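Quick notes on the structure that follows.
The values are calculated or read from the model by the stated rules, or taken from the named source; none is laboratory data. From a predicted model like this one, the values you see are computed outputs, not experimental measurements. Virtual Cβ from ideal backbone geometry, glycine too; neighbours counted across all protein chains shown. All accessible areas refer to the heavy atoms of the entire protein, side chains included, with ligands and DNA or RNA removed. Shrake-Rupley method; radii C 1.70, N 1.55, O 1.52, S 1.80 Å.
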Amino acid sequence: MPAPHAPSTQNQITSLRMREHDAIELPSAPFDAISPMQGLSSYLPTIGAIALGGLIAFGVVASGAGTPVLVIMLGVLATIGLSALFAYSGGYLRIGRRAPLADLVRAGADSMDVGVMIASREGEPKYANAAFAAIVGNGERDSVAALQQLLARDANASAALFRLTRSAERGEPLTEEFSVASSVPGSRKRNSLQLSVSPIAPAEAAGDVPLVLWRLSDVTAERRDEAARIAGIEVQLSQFDNAPIGFASVGVDGALLRVNATLARWIGRSAKHVVEQRLTLADIASGDGAALLPRLAAGNGEQLEALDVDLIHEDGRVMPVRLLARAAPSGKGATIAVVDLAGEAAAEFDGDASGARFARFFQSAPFGIAMLGSDGRIVSANSAFCRMVLDGAAGTGMAAADALARAADPTTRLAVEEGLKRVISGRAHNVPIDITSGTKRDLVTRVYMSPFATGGVREAAILYVVDATEQKALEARFAQSQKMEVVGKLAGGIAHDFNNMLTAILGFSDMLLGQHRRTDVAYKDIKNIQASANRAAELVRKLLALARQQTLQNEVINLADVLTDQFNMLKGYLGEKSELRISTAPDLWNVKVDQHEFEQALFNLITNSKDAMSDGGTLTIRARNVPERETQKFENREFAPGEYVLIEVSDTGQGMSREVMDKIFEPFFTTKAIGKGTGLGLASVYGMVKQSGGYIYPDSDIGKGTTFRIYLPRHHADKDDEVVVVKEKKKEQKAADLTGTGRVLLVEDEEVVRNFAARALKRQGYKVLEAASGVEALEVMEKHKGKVDIVVSDVVMPEMDGPTLLKELRKTNPDIKIIFVSGYPNDAFKSALGDENFAFLPKPFSLPQLAAKVKEELGR
């Protein structure tokens with residue numbers, strides 16, 4: 001039965017059928033008057049010559065003197081006629097019309113071994129040669145039907161015929177190859193056929209009808225020969241796999257394209273696994289086996305390179321081998337033979353055992369080693385040196401000073417040259433030289449130089465090169481942390497006393513403002529005092545931020561809401577000359593940060609961008625999610641992979657140099673004019689980000705602009721977490737009524753602060769009890785028999801501090817409420833309180849802030 005989709009093909013073919021005699025006979029062309037005329041044209045010169053001779057003969061006879069001449073001419077004509085008669089009877093001369101061109105073409109096509117059929121694009125057959133009919137056999141009606149019947153036996157062949165038919169209709173060439181069952185009854189053999197279609201340019205005689213040439217070939221013999229050749233190759237490959245030496249074909253990128261079974265066994269993997277995993281020479285050889293490839297690329301393709309390394313088994317065991325490599329003739333990749341230096345196959349290679357061991361050590365060392373001649377040029381270098389110093393090149397014959405200090409500054413280059421002169425002359429050089437390189441100047445190589453006293457002149461010095469990038473980065477981070485620790489101690493030391501003074505200034509300013517009208521002369525002076533105190537408080541806050549000691553009121557927020565809410569304010573701050581663009585991902589993850597501090601950090605970054613775009617520009621703020629798989633590709637050594645929310649702040653300003661970028665987070669560093677900046681803006685941003693568990697990285701180009709990228713860790717919300725809605729939160733903060741009732745115990749060792757706070761709370765309706773220390777507070781509590789609604793206490797006090805006071809109060813009154821006020825951050829004493837419940841109000845605070853906090857805790 002035909003294949004399931006054969007009817008569709010049959011519909012395509014059935015409409016094309018014709019009688020067999022119509023398909024295999026090429027019809028003669030119709031009568032054309034031009035053709036006889038074309039044949040006659042070849043005889044015109046002869047007819048003209050005869051006519052001219054007849055006229056001449058007629059003239060001679062008419063003159064009366066031509067009788068002898070006439071007799072001679074008659075004799076010649078008789079001789080010619082008799083010769084033509086004999087030639088015609090012998091078959092040497094034939095008289096008749098030429099054979100038609102169509103007959104000649106048909107005769108040639110019938111003698112071909114390839115089946116040929118000519119048909120229109122619509123499928124109407126015009127001609128099919130004998131070979132075509134012989135291959136497809138006899139069909140019910142014609143050779144086309146026979147082709148369809150032949151291919152209908154196999155689903156793949158029927159599908160191929162369908163595709164060919166569609167290509168013929170479109171006038172596109174196509175070739176298909178398939179196999180069909182033999183037409184011989186009882187035979188199980190399958191024949192391989194190749195069927196193709198190609199368009200034929202229409203001829204004028206055919207009435208401009210587009211034709212298609214079908215070619216059908218039996219390629220069974222060719223495929224049988226190919227199979228035999230492949231079988232022979234497989235036999236050769238099996239011998240190749242069982243060779244006592246490892247073989248590998250390596251691509252230009254160092255990937256192993258093919259390995260034999262011996263090498264696969266040595267490395268503990270299958271040959272298939274090596275190819276599928278795209279293993280490289282560096283993956284299976286200690287040191288840098290892949291360094292062999294650049295040497296081959298620099299050679300002429302005929303040089304045999306040798307390299308002694310340790311081959312690494314999958315389980316970690318090593319095996320000493322010698323790699324013998326030669327570049328491929330095509331110039332792409334190499335062919336490598338691997339000899340086991342510990343086995344019998346290496347006997348002829350291992351004439352000097354100590355030399356072989358040294359070669360393995362030399363090439364497998366994890367640090368760079370190079371031998372120098374007396375002329376200062378490299379005699380030999382191991383793979384690590386080639387990778388770290390020469391970017392993979394061999395380097396043999398190169399001047400060591402040029403190799404080491406290619407991109408170094410003049411001072412470093414001079415130090416390298418002087419050190420090389422010293423060791424080549426045989427003197428020791430004990431001070432290593434650090435060389436900085438890389439596009440970002442963040443790669444550091446440390447070079448040790450030593451004379452090589454062997455009594456010869458070929459090798460005069462030896463170089464050791466160690467990658468010190470990680471060590472220098474650790475040193476820089478340690479220095480930075482020490483600097484921040486010193487600043488933190490300084491900030492923390494002055495914060496308490498300084499914030500106490502600012503609290504008093506701000507508090508009494510609030511009270512004085514409440515006693516003066518706006519039209520009073522003193523009102524403006526008091527506002528100036530208050531503004532200066534606020535600026536001082538902000539300065540202290542920045543100091544605590546860069547030291548990572550500020551008090552953070554962390555909450556779960558969505559930064560998309562924060563950025564949208566801040567748009568109008570930031571737009572107005574930038575001014576009309578600059579454009580603000582904010583783009584956030586629709587599914588932005590939540591983060592847990594102090595919203596106020598984040599907004600302040602964002603404001604500091606935008607302030608810098610505004611100053612950098614003095615003539616206007618574009619400020620772009622983008623926020624998106626960064627999955628963990630993306631962070632695993634980061635090159636920053638301190639970055640911990642994970643899920644983050646990325647905030648990018650980009651401007652089109654003047655940009656920064658590398659020297660400036662290295663210092664922008666340092667306290668008190670600024671490029672602005674005197675009085676234009678404190679140098680604490682970016683330092684406080686850095687501290688806030690770090691204290692929130694994030695990272696910040698700047699990127700800048702002179703004349704193009706600057707981008708700050710802030711990575712904040714994603715917060716996976718718990719059941720108890722509630723995402724703060726920015727606009728609703730602002731509405732909740734608008735508390736108009738700050739009055740209340742209750743008894744408040746105020747504990748503060750600074751008398752001026754205690755006086756302000758007591759007066760402020762009394763004005764709001766509270767009854768205030770005062771104490772100058774923790775011990776005094778316990779006495780007040782005992783005197784009033786614990787009848788206190790809430791305690792407002794300083795943290796650092798003589799005799800007894802705030803945390804100790806809280807623990808003593810909770811012994812007799814476990815539910816008593818307490819608010820700590822301090823210039824220190826709450827993290828500084830939170831660990832000492834454990835799970836104790838308390839509220840916190842950072843100094844300096846204003847009168848409304850104190851009253852609002854007390855009322856909030858009392859819930860009245």
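Listed by position, the strands (runs of 3 or more DSSP E) inside the stretch 752-860 whose residues that are within 22 Å of Asn554 (Cα to Cα), open to solvent by less than 60 Å² (accessible area, probe 1.4 Å) and modelled with pLDDT of 85 or more number at least 2 are 817-822, 839-842.
Among the residues of the stretch 640-670, those that are under 24 Å from Leu712 (Cα atoms), open to solvent by less than 20 Å² (accessible area, probe 1.4 Å) and at pLDDT 80 or above comprise Gly642, Tyr644, Val645, Leu646, Ile647, Val649, Ser650, Asp651. Just the residues that are buried (at least 21 other Cβ atoms within 10 Å of the Cβ) and at pLDDT below 75, please, taken from the stretch 478-505. Those that are buried (at least 21 other Cβ atoms within 10 Å of the Cβ) and at pLDDT below 75: Met484, Val487, Ala491, Ala495.
In the stretch 211-219 there is no residue matching the filter, namely being open to solvent by less than 40 Å² (accessible area, probe 1.4 Å) and at pLDDT below 70. The residues on offer are Leu712, Leu682, and the sole one that is aliphatic (A, V, I, L, M) and at pLDDT below 85 is Leu682. The single condition among (1) open to solvent by 80 Å² or more (accessible area, probe 1.4 Å); (2) within 30 Å of His273 (Cβ to Cβ); (3) of a type in the set (Val, Ile, Thr); (4) at pLDDT 75 or above that Thr175 does not meet is (2).
Each row is one residue, and each column tells you yes or no for (1) open to solvent by 80 Å² or more (accessible area, probe 1.4 Å); (2) out of contact with any Phe, Trp or Tyr (no Cβ under 8 Å at 6 or more places or on another chain); (3) at pLDDT below 85.
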position	(1), (2), (3)
Gln566	no, yes, yes
Gly572	no, yes, yes
Ile621	no, yes, no
Arg624	yes, yes, no
Glu635	yes, yes, yes
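Check the stretch 256-272 and report whether any residue there is among the aliphatic types (A, V, I, L, M), surrounded by 14 or more Cβ atoms within 10 Å (Cβ to Cβ), outside any helix (DSSP H, G or I) and at pLDDT below 80. No, there is no match, as no residue in the stretch 256-272 is among the aliphatic types (A, V, I, L, M), surrounded by 14 or more Cβ atoms within 10 Å (Cβ to Cβ), outside any helix (DSSP H, G or I) and at pLDDT below 80.
Give me the residue from the stretch 574-594 that is of a type in the set (Asp, Glu) and closer than 29 Å to His716 by Cβ and, out of that set, modelled with the highest pLDDT. Among residues in the stretch 574-594 that are of a type in the set (Asp, Glu) and closer than 29 Å to His716 by Cβ, the one modelled with the highest pLDDT is Asp587. Residues of the stretch 699-712 that are buried (at least 18 other Cβ atoms within 10 Å of the Cβ) and under 14 Å from Asn636 (Cβ atoms): Ile710, Tyr711. Within the stretch 104-128, the set of residues being over 19 Å from Leu195 (Cβ atoms) and either surrounded by 12 or more Cβ atoms within 10 Å (Cβ to Cβ) or among the small types (Gly, Ala, Ser) (or both) comprises Val105, Arg106, Ala107, Gly108, Asp110, Ser111.
In the stretch 611-636, the residues that are free of Cβ contacts under 8 Å to residues at least 12 places away in the same chain form Cβ pairs under 6 Å with partners that are open to solvent by 60 Å² or more (accessible area, probe 1.4 Å), at six or more places apart or across chains, as follows: Gln632/Pro641. Being part of a loop (DSSP other than H, G, I, E, B) and at pLDDT 70 or above narrows it down to one of Arg188, Arg141, Arg98, Arg106, so name that one. Exactly one of Arg188, Arg141, Arg98, Arg106 is part of a loop (DSSP other than H, G, I, E, B) and at pLDDT 70 or above, namely Arg188. Figure legend. Inter-residue proximity from the stretch 775-789: first residues within 14 Å of Val747 (Cα to Cα) and of a type in the set (A, V, I, L, M, F, W, C), second residues in a helix (DSSP H, G or I) and open to solvent by less than 70 Å² (accessible area, probe 1.4 Å), beta-carbon distance below 7 Å, spacing 6+ or different chains. Indicated pairs: Ala777/Leu805; Leu778/Glu808; Met781/Leu809; Val788/Met781. None of Phe132, Phe86 is modelled with pLDDT of 75 or more and in a helix (DSSP H, G or I) except Phe132.
For the stretch 633-655, the set of residues classified as within 22 Å of Val556 (Cβ to Cβ) and hydrophobic (A, V, I, L, M, F, W, C) consists of Ala640, Val645, Leu646, Ile647, listed by residue number. The residue that is modelled with the highest pLDDT, counting only those in the stretch 282-307 that are open to solvent by less than 40 Å² (accessible area, probe 1.4 Å) and either in a loop (DSSP other than H, G, I, E, B) or within 20 Å of Ala243 (Cα to Cα) (or both), is Ile284. Picking from residues in the stretch 403-433 that are open to solvent by 40 Å² or more (accessible area, probe 1.4 Å) and of a type in the set (Ser, Thr, Tyr), the one that is nearest to the chain's Cα centre (by Cα) is Thr411. Taking residues in the stretch 398-410 that are farther than 17 Å from Ser374 by Cβ and part of a helix (DSSP H, G or I), and partners anywhere that are of a type in the set (Val, Ile, Thr) and modelled with pLDDT of 80 or more, the pairs with Cβ atoms closer than 7 Å and at least 6 places apart or on different chains are Leu404/Val389; Leu404/Val416; Leu404/Ile435; Leu404/Val447.
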